[in-house]
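The values are calculated or read from the model by the stated rules, or taken from the named source; none is laboratory data. Given the structure is predicted, the values throughout are model-derived calculations rather than measurements. Here the Cβ positions follow ideal geometry from the backbone for every residue, glycine too, while neighbour counts run over all protein chains shown.
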Amino acid sequence: MKFLSAIFSLSDEQAMWRVQMHDDSQAFAQLVARWEEPIKRLCIRMLNDEHKAEDMTQEAFTRIYSKRKDFQHGSKFSTFLWRIATNLCLDELRRIKRRREFSVSPQTEDSGQTDIFDDLPSREQTPDHAAAQDEHAALVRRAVMQLPEHYRSVVVLRHYEDLKFREIAEVLDIPEGTVKSRMSEALTLLGHSLTKTLPDKTPERRRGHDRRELLVL
């Protein structure tokens, strides 16, 4: 019991060090337990496909273990994990795009695919307000899914996973200034997209809509 208690009290970096140096299966299991849900959430938001997200989540932890020797002491484990998971999602999105380009009859957005986010629990609200919020959230999610991959990854990491710009730069291995410019460009694209679709807004109010409100879920 003392051994298990010690394992559970380890920081992510300490647990990863044990995995790296001693192939410690208990420490690795603890990392998976801590991070499986956040990584699955990231993959769902990147791919909009729960089954693919589960596969990518499993693959991310497989990669973590296979690349354990690459983890550098002094680095944050979360950055190492976010980078691997995000790159897996970006690679999968590129494969999907290539398959669609070569498909004779590519699947369209209106093909009847279920929006997996619709199954997430809602907050306690009045029915009318909840319906309006749900509609807004669904429109935002669809707009995010239409963003090019390099914009989508920044939006998801910043607004849904709450990473700082500096952390996103480390995850994506790009300058922080590039992250900020992509974020600004992504919000502009989202604003243009949502201006056409957000309900109960006059054109004047839509043009003045605060971009920070676009991503409220």
Those residues of segment 180-217 which are at pLDDT 85 or above, in contact with a helix residue (DSSP H, G or I) (Cβ under 9 Å, 6 or more places away or on another chain) and over 18 Å from Met145 (Cα atoms) amount to Lys180
Applying the selection to segment 138-166, what residues are modelled with pLDDT of 95 or more, crowded, with 17+ Cβ neighbours inside 10 Å and either not assigned by TED's automatic domain parsing to the domain that holds His192 or not in a helix (DSSP H, G or I) (or both)?
Leu163
May I ask you to say which residue of Arg18, Arg34, Arg94 is within 24 Å of Arg158 (Cβ to Cβ) and either at pLDDT 95 or above or among the β-branched types (Val, Ile, Thr) (or both)?
Arg34
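Being in contact with a helix residue (DSSP H, G or I) (Cβ under 9 Å, 6 or more places away or on another chain), loosely packed, with under 12 Cβ neighbours inside 10 Å and modelled with pLDDT under 80: is that true of Pro127 here?
For Pro127, the condition - in contact with a helix residue (DSSP H, G or I) (Cβ under 9 Å, 6 or more places away or on another chain), loosely packed, with under 12 Cβ neighbours inside 10 Å and modelled with pLDDT under 80 - is not met.
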Restricting attention to segment 135-177, the residues that are without any contact (Cβ under 8 Å) to a residue 24 or more places away in the chain and either on the phi > 0 side of the Ramachandran plot or of a type outside the set (D, E, K, R) (or both) number exactly 9
Out of all the residues in segment 55-91, which are at pLDDT below 95 and either in contact with a Pro (Cβ under 7 Å, 6 or more places away or on another chain) or polar (S, T, N, Q) (or both)?
Gln72, Ser75
